[in-house]
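Please treat every number below as a calculation from the coordinates, not as lab data. As the structure is a computational prediction, the values presented were derived from the model and not from experiment. Heads up, the Cβs are rebuilt from the backbone with ideal geometry, glycines too, and the neighbour counts pull from every protein chain shown.
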Amino acid sequence: MSKTVTGGCFCGEVRYEITGDPVLQLLCFCEDCLSITGTDGYAGYMVKSADFRVTSGTPRVHDKISKEGRTVHRNFCGICGSNLWGVTEFGLTSVAAGSLDDPDLFQPSKKVFTSNTPHWARIPDHLDEM
């Protein structure tokens, strides 16, 4: 049984907890993730949506359809603007690893959409391409 993982936004308004183990941990370099983070990629701590719950605050949500035609419901703090998590069509919630109270829990093993990265991107060589 996994331990409870907690996290939230920069200002503390929105808090969440995760009660299950991550399904996947990855670095995503798709155009949407480059835009949403403002840097060279997104660190996604992906969990089953049933294992994720908001414990305080109410995030703002922005729905986005990707180039691949998939809708992601991106949640962020309406006060400080922190990117927090995205809910996918696959029953997974992709939590922004930087929003975890203990970001060292993030241990990526995969990378995706590396062909989209800017020339200055930091792409770890040891991660498997999905």
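When only residues in the range 23-43 that are of a type outside the set (A, V, I, L, M) and touching a residue at least 60 places away in the same chain (Cβ under 8 Å) count, which is farthest from Phe90 (Cα to Cα)? Spell out the reasoning first.
Our first condition is that a residue be of a type outside the set (A, V, I, L, M); within the range 23-43, this holds for 25, 28-33, 35, 37-42.
Going one step further and asking which of them are touching a residue at least 60 places away in the same chain (Cβ under 8 Å), we end up with 25, 28-31, 33, 40-41.
Values: Gln25: 15, Cys28: 16, Phe29: 19, Cys30: 18, Glu31: 20, Cys33: 18, Asp40: 25, Gly41: 21 Å.
Step by step, filter the range 23-43, then rank; the result is Asp40.
List every residue pair whose Cβ atoms lie under 8 Å apart, where the two residues are 6 or more positions apart in sequence or sit on different chains, the first residue falls within the range 44-66 and is part of a loop (DSSP other than H, G, I, E, B), and the second residue, located anywhere, is surrounded by 12 or more Cβ atoms within 10 Å (Cβ to Cβ) and among the polar types (S, T, N, Q).
Pro59/Asn75
So which residues in the range 72-130 are in contact with a Lys or Arg (Cβ under 9 Å, 6 or more places away or on another chain) and farther than 17 Å from Cys9 by Cβ?
If the condition is that a residue be in contact with a Lys or Arg (Cβ under 9 Å, 6 or more places away or on another chain) and farther than 17 Å from Cys9 by Cβ, then Val72, Thr88, Glu89, Phe90, Gly91, Leu92, Ile123, Pro124, Leu127, Asp128, Glu129, Met130 are the ones that fit.
Name the residues in the range 6-16 that are surrounded by 16 or more Cβ atoms within 10 Å (Cβ to Cβ) and either at positive phi or within 14 Å of the chain's Cα centre (by Cα) (or both), would you? Outline the logic, then answer.
Of the residues in the range 6-16, the ones surrounded by 16 or more Cβ atoms within 10 Å (Cβ to Cβ) are 7-9, 13-16.
Result: Gly7, Gly8, Cys9, Tyr16.
Quick one: is Gly98 over 11 Å from the mean Cα position of the chain (by Cα) and either loosely packed, with under 13 Cβ neighbours inside 10 Å or small (Gly, Ala, Ser) (or both)?
No; evaluated as a whole, the condition is false for this residue.
Just for the range 72-87: of the residues that are β-branched (Val, Ile, Thr) and touching a Ser or Thr at 6+ places or on another chain (Cβ under 8 Å), which one is nearest to Gln25 (Cα to Cα)?
Going through the qualifying residues, I end up with Val87.
Checking Gln107 against (1) part of a loop (DSSP other than H, G, I, E, B); (2) surrounded by 12 or more Cβ atoms within 10 Å (Cβ to Cβ); (3) in contact with a strand residue (DSSP E or B) (Cβ under 6 Å, 6 or more places away or on another chain), only one condition comes out false. Which one?
Of (1) part of a loop (DSSP other than H, G, I, E, B); (2) surrounded by 12 or more Cβ atoms within 10 Å (Cβ to Cβ); (3) in contact with a strand residue (DSSP E or B) (Cβ under 6 Å, 6 or more places away or on another chain), only one is false for Gln107: (2).
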